[in-house]
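Each reported figure results from applying straightforward, stated rules to the coordinates on display, with no laboratory input. Keep in mind it's a predicted model, so treat the numbers as computed, not measured. Positions of Cβ are generated from backbone atoms using ideal geometry, with glycine treated the same way; all protein chains shown enter the neighbour counts.
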Amino acid sequence: MNQNALVDNMVRELSAELEPHKDCLHRIAEFRVKAPQAIPPGSMLRRFANTRAYALIRGFVFLCDSFVIVAELQDDANSVAHNGVPSEHPAYRWASTIALIYLWCEMIFNFVLEFPGIDILFGRTGHRFVNEAAIIQHTFAVIGAQAFPGQRYTSNFRIFISHFNFVRILRTMVVLPSLGGQELRQQLGELHIMIKALTGTLWPLFWCTVMYALILLIFGVFFTEGAATSLMSSATNQTALAEGDAQLVEHWIGMHNSIYSLSLAMLGGKDWGELYDSLSPAGWVPKLMFILFIGFTQIALLNTVTAVFIKCAFMKFEHDREFIVQQEHQDKRDYPLSVKQIFMELDEDESGNLNLEELVQHLKNPEIGAYFTRLGVDTDEIQTVFYLMDENHDETISLEEFMWGCFRLRGSAKTLDLEILRQEVRFAVTMLLDMENALKMQSHMLARVHAKHAAL
């Protein structure tokens, strides 16, 4: 009865708070309603699309396609090295064609399942554009192989298309972990996390590249200007092009050369000393600026951009539902094991129970106290914690009581806990006020009865 009253009270309060926003919430709900799908949710096609067999077939085709690319490239490269012409075995061509036909059918099948709400770029997996790019490249590769047989390294069309074969292998790397289900993703562990991070941070990667390009452009203008001024001075003085001037021309004349040299210096592709010496004909100012460039990029630019990129990757995972669920399952699986391990260490006599004296004695060990803190259990009020864990009030704590107590008491109070406490306190105060009013009424009635008897 008390719980029902509490629930009714909370419902009334929430209804009163949401009443001003009722129209807005109704419009949002109407806006979020999706158009009815052409294929019913319980149809056979939808059930098949969610089966493990369908995922295994997709994964097998992706792996076979990647294997065909690698094997065909290896055979053709060896044939060119030894015979001067690519082998182009027909088996590879037909295997690639069969895989392409399946992939087109599979993509159309997914479009039919989503119709009319088709998401061309992301789809249900969030990386459909990778599969679409791979299928387009695969289609042109098959067309080129059929139209220009034996011309893999002589046809400009086939050469251009073959340079993008890596997209199909990238597709396999991106899509395959999601096809294996949660078990495969857990087994892949950090590899799955890295794949998700790389595929989910394309925009931060683009802006990091833009930042690098802008810094290189700014410094490139300065060094190109200085190098051109130095060469012009040498031409005015009618001096011959010295060896130092030749190095200056090679590395710093032209924006493309300056940006390329700066990128090599920034990323460690060329020794700083060589580039520094090549600026000698331009004077001490460009050389000092080069030292400032190295210090700025190595201390500030690279570290800042790397930190921002890593932060963006972590923010991506903070909002990734699949990653959050996986981490939550992992924590829930590891926490009971940790609690059980510490209970076994505290229960030295193997009685299966802990009393307050044993617990206080063990908490004098800093390692035990630190382990409790790591579990999220406050040990400052250990006596209070002990009595809260002891549900049957027998002055001992069993393993089950210890585990449930750690679950309930770990961490600080949540908003939900505080709200439930507030409602319970309000309900208790209301009950006390009702009891007080009832007692006052009864006291007044008793007083009137007493007055009547006294009058008689």
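What to note about this one:
- Computed from point charges on the beta carbon alone (+1 for Lys and Arg, -1 for Asp and Glu), the dipole magnitude for region 44-179 about its Cα centre is near 380 Debye.
- Per-residue Cβ neighbour rank within 10 angstrom, fewest leading, PHE148, PHE219: PHE148, PHE219
- If R0 is 45 Å, the Cβ-Cβ spacing of ILE218 and GLN383 corresponds to a FRET efficiency of close to 0.10.
- Other-chain or far-sequence residues with amide H under 5 Å of SER87's (modelled H): ASP76, SER79, VAL80
- Shown is the FRET efficiency for LYS364 and LEU302, computed with R0 = 45 Å from the Cβ-Cβ distance and rounded to the nearest 0.05: 0.40.
- FRET E, pair ILE294, ASP75, Förster distance 35 Å, beta-carbon r, rounded to 0.05: 0.15
- The stretch between LEU439 and LEU121, if pulled fully straight at 0.36 nm per residue, gains 107.4 nm over its current Cα-Cα span.
- Cut-off 15 Å between beta-carbons: net charge of the residues surrounding HIS82, Lys and Arg +1, Asp and Glu -1: -3
- Table column - 3J(HN,Hα) (Hz), region 79-90, Karplus curve with 6.51, -1.76, 1.60, x for Gly and Pro: 5, 5, 5, 9, 10, x, 9, x, 6, 6, 5, x
- As a rough footprinting exposure proxy, the listed residues MET435, MET266 were ranked by other beta carbons within 10 Å of their own, and the order from fewest upward is MET435, MET266.
- Model label sites at LEU432 and THR209, defined 7 Å from Cα along the beta-carbon direction, differ in position by 6.7 nm.
- Inverse mean reciprocal Cα-Cα distance (Kirkwood Rh) of region 202-318, Å: 15.3 Å
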